Amino acid sequence: MAKKLKRVDITYRQNKGGWVAKSNGRKVDSADTKSELVAKVAKKAKASNGTTVRIHGRNGRVQEERTYPRSADPRGSKG
């Protein structure tokens, strides 16, 4: 049976500015810059049992998806 990964979405806050990370609709972290927030979320995710991080652009589209730790990635992809 496949393990269920936690998912965190990093999105831009249109009204307030800055970036926010949410999991299951709840805010888990925030920062003024996207790169700062990605680093914070990645650090926490690496210590987890399996987390998928979706990084969105200002337009809301998914730009990148990362799985931490790498061994938890359910796909056999290289990237």
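Points to keep in mind about this one:
- Karplus-derived 3J(HN,Hα) values for segment 58-65, using 6.51 cos²θ - 1.76 cosθ + 1.60 with θ = phi - 60°, are 4, 7, x, 6, 6, 9, 7, 10 Hz; glycine and proline are entered as x.
- Residues in segment 34-40 carry Karplus couplings, in order, of 5, 5, 5, 5, 4, 5, 5 Hz; the curve used is 6.51 cos²θ - 1.76 cosθ + 1.60 with θ = phi - 60°, and Gly or Pro positions show x.
- Additional length obtainable on full extension of the chain from residue 36 to residue 6, 0.36 nm per residue less Cα span: 8.7 nm
- Sites residue 28 and residue 65, calculated FRET efficiency, Cβ-Cβ separation with R0 25 Å, nearest 0.05: 0.90
- Rounded to whole Hz, the Karplus (6.51, -1.76, 1.60) HN-Hα couplings of segment 22-31, x for glycine and proline: 10, 10, 6, x, 10, 5, 10, 5, 7, 7
- Per the Debye calculation on segment 6-72 with a single equal scatterer at every Cα and no solvent contribution, log₁₀ I(q)/I(0) for q = 0.13, 0.14, 0.15 Å⁻¹ amounts to -0.30, -0.35, -0.41.
Only the coordinates and a few stated rules stand behind these numbers; no lab work does. A quick note: this is a predicted structure, and the numbers were derived from the prediction, not measured. Here Cβ is always computed from backbone atoms with ideal geometry, including for glycine, and neighbour counts include all displayed protein chains.
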